[in-house]
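The values are calculated or read from the model by the stated rules, or taken from the named source; none is laboratory data. All figures in this text were calculated on a predicted structure; none of them were measured in a lab. We place every Cβ from the backbone using ideal geometry, glycine too, and count neighbours over all the protein chains shown.
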Amino acid sequence: MKNQDIQNLIRTLQVLVVGPSPEFAGELEAALLAATEARVSLRSTADFSEAAGASRARLPDVVCIELGSDAAKLRDFVAGLRVLAPDLPFVGIHASVRETSASAPDVLVEAVRSGFLDVIERPISSADLRRVMPQIIAAARARETAGRVVVFHSTKGGVGKSTLSVNVACGLARLRPGRVLLIDASLQLGVCAVALDLPGKSTVADAARERDRLDERLIRELAEPHDCGLRVLASPRDPIDAADVDDEALARIIAIGRRAFDYVIVDTLPTVDGTMLTILDLADQIYLVNQGTVPDVIGAARLMQTLDELDIAPGRRAVVLNRNLPPFAGALTAAEVGDRLGTEVDYEIPHDKKVLTALNLGEPRVLRASTRFGWGRAMRELVEDVDALHAEAPEEDQGLSAHVEDTL
Ligand SMILES: Nc1ncnc2c1ncn2[C@@H]1O[C@H](COP(=O)(O)OP(=O)(O)OP(=O)(O)O)[C@@H](O)[C@H]1O
Ligand SMILES: [Mg+2]
């Protein structure tokens, strides 16, 4: 591959390094710089648990692991990351067989079983890395062009998540027919199909049952089309149907969905359980919805804290103040909501009583509303910003033009 191709192909390559020995990252860095013309950013972690946290904050393009002796821990770590990114490449690095610290044979076997691209012997040579570089670059390129995952979430019910998910999805689908998938992940009480007047023939549970053979073609076939150009995976039909959907299945559906579509919009329930955390981890953009009442703003502030604890970068979240209640005396202003949340309100969606009528008629308001003023205009801005998530260079290069970020 020509150097120029590499430059055109990808942004800075994000390399996650897992290795307890301090000199390991330095050795890998030197070999990587010699092995590729691509810009490289290394993030060094000492163990699997630190590496799992770092991946949650920002998914790497490749994980390079200094292989130790614990095969079970290696298997669990790889399996955990594969839930978030099924195509993530792993490279194992082990001490030369002559060294006393050489990796235990069962760890090497596990690396092969776990589908590592390669296992390289130390000292790391750039020639060995060069061999795996094309596959790493191809995987990074696939991620770069993959669809964006957009999640609407709140800790309080009834604030407008489903209304926003459905209307943003429809508004976007009108711009990008056939390129938007709406997933109703409010697994037991989903309303998206009803709001779109769709029979809900294909549900998230149907896709979950097909998890092993789910691919781009199948997910496109399963998703129900709406006239505006949207495709929908409705929520399960009942709690028994929902029982087939676990966080791994949902992660797989989202991961395949982002390969098949430019945008995957996810409507959620007001809970923070394992499934929800997986969805949040996978989101490129999380819209935190509140309706501007004191209790729900307090809930939203707690959710912000949770996202901080999960290391979900502020750049991946935006606050939506959705005025789903008619104006009332003492309502919090956007500035007051922002103060309580410790961050600005990014979008304020005005109250519009036709939103409810549209929902009852199964005809999303966004498909009829004027985009010049009021609710329709606010929605247009939101839709345009979601649209820009895909056109944008993913995760701005944040000054990473330097060859290696000094997080070592
Ligand atoms: N901007 C708005 N103006 C007027 N009504 C609105 C607006 N946004 C939402 N609503 C109404 O608010 C109600 C709750 O909205 P919605 O069902 O979307 O909330 P939700 O957060 O998805 O609820 P749940 O947590 O139960 O899933 C609905 O009746 C909807 O029509
Ligand atoms: Mg809802």
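Of note:
- For Val272, the conditions (1) among the aliphatic types (A, V, I, L, M); (2) in contact with a Gly (Cβ under 7 Å, 6 or more places away or on another chain); (3) within 16 Å of ligand 2 (Cβ to nearest atom) all hold with the exception of (2).
- Of the residues making up region 314-332, those that are touching a residue at least 12 places away in the same chain (Cβ under 8 Å) and assigned to a loop (DSSP other than H, G, I, E, B) are Arg323, Asn324, Leu325, Pro326, Pro327, Ala331, Leu332.
- Residue that is assigned by TED's automatic domain parsing to the domain that holds Cys170 and within 16 Å of ligand 2 (Cβ to nearest atom), where the choices are Ile298, Ile286, Ile312, Ile254: Ile286
- Residue pairs whose Cβ atoms lie under 7 Å apart, separated by 6 or more positions or on different chains, with the first residue in region 190-201 and closer than 17 Å to Arg368 by Cα and the second part of a helix (DSSP H, G or I), are Ala195/Ser162; Ala195/Val166; Ala195/Leu359; Leu196/Val166.
- Region 165-185, residues that are buried (at least 24 other Cβ atoms within 10 Å of the Cβ) and either near ligand 1 (Cβ under 9 Å from one of its atoms) or farther than 19 Å from Ile254 by Cα (or both): Ser165, Val166, Asn167, Gly171
- Any hit, region 217-232, residues being within 16 Å of ligand 2 (Cβ to nearest atom) and touching a residue at least 12 places away in the same chain (Cβ under 8 Å): yes
- Residue among Asp262, Asp273, Asp308, Asp339 that alone is of a type in the set (Asp, Glu) and within 16 Å of ligand 1 (Cβ to nearest atom): Asp273
- Of the residues in region 245-252, none is modelled with pLDDT of 95 or more and either under 12 Å from Ala193 (Cα atoms) or crowded, with 18+ Cβ neighbours inside 10 Å (or both).
- Those residues of region 361-375 which are in contact (Cβ under 8 Å) with a residue 24 or more places away in the chain and under 30 Å from the mean Cα position of the chain (by Cα), in sequence order: Gly362, Glu363, Pro364, Arg365, Val366, Leu367, Trp375
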